[in-house]
1. Roll a 1.4 angstrom probe over the protein heavy atoms and tell me the percent of accessible area of the chain that is carbon or sulfur.
2. Can you tell me the orientation of helix 19-30 relative to the chain, as the angle in degrees between its alpha-carbon axis and the longest Cα principal axis, to the nearest 10?
3. In the chain, what % of DSSP beta bridges are antiparallel (nearest 5)?
4. If you count only protein heavy atoms with a 1.4 Å probe, what accessible area per residue comes out for the chain, rounded to a whole Å²?
5. Using only the alpha carbons, work out the radius of gyration and Dmax of the chain in angstrom.
6. When all protein chains stay in place, what accessible area (Å², nearest 10, 1.4 Å probe) is found for residue 23?
Amino acid sequence: MTIRVEGDLVILEGRCSAEDAETLLIAFQDRPDLAVDASGLSRLHLAVAQVLLTLRPSIHARPGHDLLTRTVFDIL
């Protein structure tokens, strides 16, 4: 699973596909106070990025991937 909730964090890891956008949205609908840990993220589909950019959650850890950090997570 590329998206999972552990405690107060939504953990994004590996390759998050378009299908993961719905999972992410539902997680935040259930618990809008969650923060995001993207330290294990390697790829991010635009649909998932759109959810993040729309909801603007707190970021606990950024991905190690420079392009992802510059294009999505620096904006958040």
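1. Details: 2240 of 4410 Å².
The nonpolar share, carbon plus sulfur, comes to 51 percent.
2. Orientation of helix 19-30: about 50 degrees from the principal axis.
3. Numbers: 4 of 14 bridges.
Bridges in the chain that DSSP calls antiparallel: roughly 30 percent.
4. Per residue, the chain has an accessible area of 58 Å².
5. 10.7, 30
6. Residue 23 exposes around 60 Å² with every protein chain in place.
The values are calculated or read from the model by the stated rules, or taken from the named source; none is laboratory data. No experiment lies behind these values; they were computed from the predicted model shown. To get the accessible areas, we keep the full protein, side chains included, count just its heavy atoms, and leave off ligands, DNA and RNA. Shrake-Rupley method; radii C 1.70, N 1.55, O 1.52, S 1.80 Å.
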